[in-house]
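The values are calculated or read from the model by the stated rules, or taken from the named source; none is laboratory data. Since we're looking at a predicted model, the values are computed, not measured. For neighbour counting, all protein chains shown are included, and Cβ atoms are generated from backbone atoms with ideal geometry for every residue, glycine included.
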Amino acid sequence: MADRIKVAVAGAGGRMGKEVVRMVLEDPELELVAAVSRSELGVDASSLVGLADCGVKVTEGLEKSLRESGAQVLVDFTIPQSAYTNTELAIRLGVSPVVGTTGFTPEQIEDLDKLCKEEGVGGLIAPNFSIGAILMMKFAAQAAKYFPHLEIIEYHGDQKLDAPSGTAVKTAEWIAEHREELRQGNPREEETIEGARGGYYNGFRIHSVRLPGVFAQQEVIFGGFGQTLKIRHDSYDRAGYMPGVNLAVKKVRDLSGMVYGFEHFVE
C-alpha cells in the first residue's frame, strides 16, 4: 500500500471542519496528523465526529502543528480573516493548501499563486466543492451566451460572513467570460431603498439572502422575450462537499501554483 497522505485540518472544530476530519479518518489513503481549532482544545480529534480515538489532539497553533506533524496537505475551512494567513503559512512550510474558505480578493489569489510557484507548492482555493454546484455554474455560463439578461440570487444561513458568496462571485466571473457587459434594467431606474437592486457586476445584479434555517442554495435567472430560464442548485448537507474535498486532497500536490476553482477537477 502506498504511503498515506498526511493531512492537517484548520478549523477542525467548525461544522465543515468536522466533516473534513471524518472524511480523512474514514479514508485509508489519508492520515489525519493535525487538527487545529480555537475550540475543543486538547480533545482527541476523533471525538469531534464520534469515532474511536486516533491519537491526534486538537491544538490551537497552526504553525507548530504543521511543523511537528509533517503534514503534506492543509485543509482550511476557517473564516476570511484568518484563511489568507493560514494559506500563506502553509505554502512557506511546503504544505499544499486546500482552501474552502471564501472571501479572497483577486490580488490575494495572485499573490498566493506567485508564492506557490516560488516555493514549488501546489494549492487550491475553491468557493464550492460540490460537483452539482460546479455544473450549475458551467450551465449558467453557457446559457449567458443566449440569455444575456440575468440575475443571481444566492441563499445562505445568517452566520455566513461574506456576501456575495464565493460561489456567486465565481458564477459571475464565468458568465462574464461568455457575455459582453450589458447594463440591464431601465436607464432611469432608481433605488428608493439603497441596495434594493443588489450588487452590480458586469451589468447584472447579485442578491444575497441570509436567513436562519437556510443551508446553501443558488439560482441564476435568465430573462428573454416571452420566456425565462432558471438554473438552480441546492445543498442540504455538508457531507455533500466531501467527495470534492477528498479528490482535491489527493490531487493538489500535482498542481502548479495556486489554482482557483474546483472546476479544474471536473472536466
Please find, among Gly123, Gly132, the residue that is surrounded by 15 or more Cβ atoms within 10 Å (Cβ to Cβ), touching a residue at least 40 places away in the same chain (Cβ under 8 Å) and touching a helix residue (DSSP H, G or I) at 6+ places or on another chain (Cβ under 9 Å). Gly123
Out of (1) closer than 25 Å to Ile175 by Cβ; (2) touching an Asp or Glu at 6+ places or on another chain (Cβ under 9 Å); (3) aliphatic (A, V, I, L, M); (4) not in a strand (DSSP E or B), the one Ile153 does not meet is (4)
Please list, ordered by first then second residue, the pairs with beta carbon atoms under 9 Å, 6 or more apart or interchain, first in region 68-86 and outside the structural domain of Gly103 (by TED's automatic domain parsing), second outside any strand (DSSP E or B) and surrounded by fewer than 21 Cβ atoms within 10 Å (Cβ to Cβ). none
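Just to verify a result, which residue in region 176-197, among those that are of a type in the set (Gly, Ala, Ser) and assigned to a loop (DSSP other than H, G, I, E, B), is surrounded by the fewest Cβ atoms within 10 Å (Cβ to Cβ)?
The selected residue is Gly195.
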Provide a single number: the residues in region 110-150 that are under 16 Å from the mean Cα position of the chain (by Cα) and in a loop (DSSP other than H, G, I, E, B). 5
(1) under 18 Å from the mean Cα position of the chain (by Cα); (2) at positive phi all hold for Leu247 apart from (2)
Among Pro148, Pro97, which is in contact with an Asp or Glu (Cβ under 9 Å, 6 or more places away or on another chain), at pLDDT 95 or above and either over 22 Å from Asn246 (Cα atoms) or not assigned by TED's automatic domain parsing to the domain that holds Leu32 (or both)? Pro148
State whether one or more residues within region 112-119 are farther than 19 Å from Gly257 by Cβ and either outside the structural domain of Arg210 (by TED's automatic domain parsing) or among the hydroxyl-bearing types (Ser, Thr, Tyr) (or both). no
What's the number of the condition Leu229 fails, among (1) assigned to a strand (DSSP E or B); (2) in contact with a Gly (Cβ under 9 Å, 6 or more places away or on another chain); (3) surrounded by 16 or more Cβ atoms within 10 Å (Cβ to Cβ); (4) not β-branched (Val, Ile, Thr)? (3)
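Tell me whether region 159-175 contains one or more residues that are in the same structural domain as Gly223 (by TED's automatic domain parsing), more than 26 Å from Ile109 (Cα to Cα) and assigned to a loop (DSSP other than H, G, I, E, B).
Checked against the condition, which is being in the same structural domain as Gly223 (by TED's automatic domain parsing), more than 26 Å from Ile109 (Cα to Cα) and assigned to a loop (DSSP other than H, G, I, E, B), region 159-175 yields no hits at all.
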Could you figure out which of (1) under 25 Å from Gln159 (Cβ atoms); (2) under 20 Å from the mean Cα position of the chain (by Cα); (3) touching a residue at least 40 places away in the same chain (Cβ under 8 Å); (4) not in a loop (DSSP other than H, G, I, E, B) isn't true of Asp234? (3)
